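Scroll down for the structure; my scribbles are underneath it.
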């Protein structure tokens, strides 16, 4: 199951393109736009490629940075130079942001229960116990040293969901987590 439903160029950003097939195992040499190599590029599970008039997600098996603008990428099931060559000059995209509607529409509530949650400033906070769905928003409920923390599942707070590692990465607003921990 893919982590994203349908994306196009309005909700994704172009980060680069495929230069050519690389070596013999179906790897591709990719050139990334200036300042577009995301810090978490090596942990992305899916990249979107411009195929015709739509963006198609492909599961990435491996990404290896060569320098600040180039990387070698291996897509699952692309195992020959000929198959990799079909991606030549294709644009590579990543979703612009994960939005609350993306999360609620595309990830079941039960799926995130049990995921570890890690904040940019505070580090690992604990495990998501469950999600509380309110009319205004959805909240992630976490227990951290027997204290409850509620994190809104909204754009700007949830940075990334890593299904393989069963982790949710957040960038909580300053003071939000301390509000719960200092009670």
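Taking the stretch 60-75 on its own, how many of its residues are surrounded by fewer than 13 Cβ atoms within 10 Å (Cβ to Cβ) and within 18 Å of the chain's Cα centre (by Cα)?
1
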request  = Give the residues of the stretch 155-181 that are in a loop (DSSP other than H, G, I, E, B) and either crowded, with 17+ Cβ neighbours inside 10 Å or assigned by TED's automatic domain parsing to the domain that holds residue 60 (or both), sorted by residue number.
outcome  = 157, 172
ask   = Out of (1) out of contact with any strand residue (DSSP E or B) (no Cβ under 9 Å at 6 or more places or on another chain); (2) modelled with pLDDT of 80 or more; (3) loosely packed, with under 12 Cβ neighbours inside 10 Å, what's the single condition that is false for residue 108?
value = (2)
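The values are calculated or read from the model by the stated rules, or taken from the named source; none is laboratory data. This one's a predicted model, so the numbers in the text were calculated from it and none came from an experiment. Backbone-built Cβ (ideal geometry, glycine too); neighbour counts: all protein chains shown.
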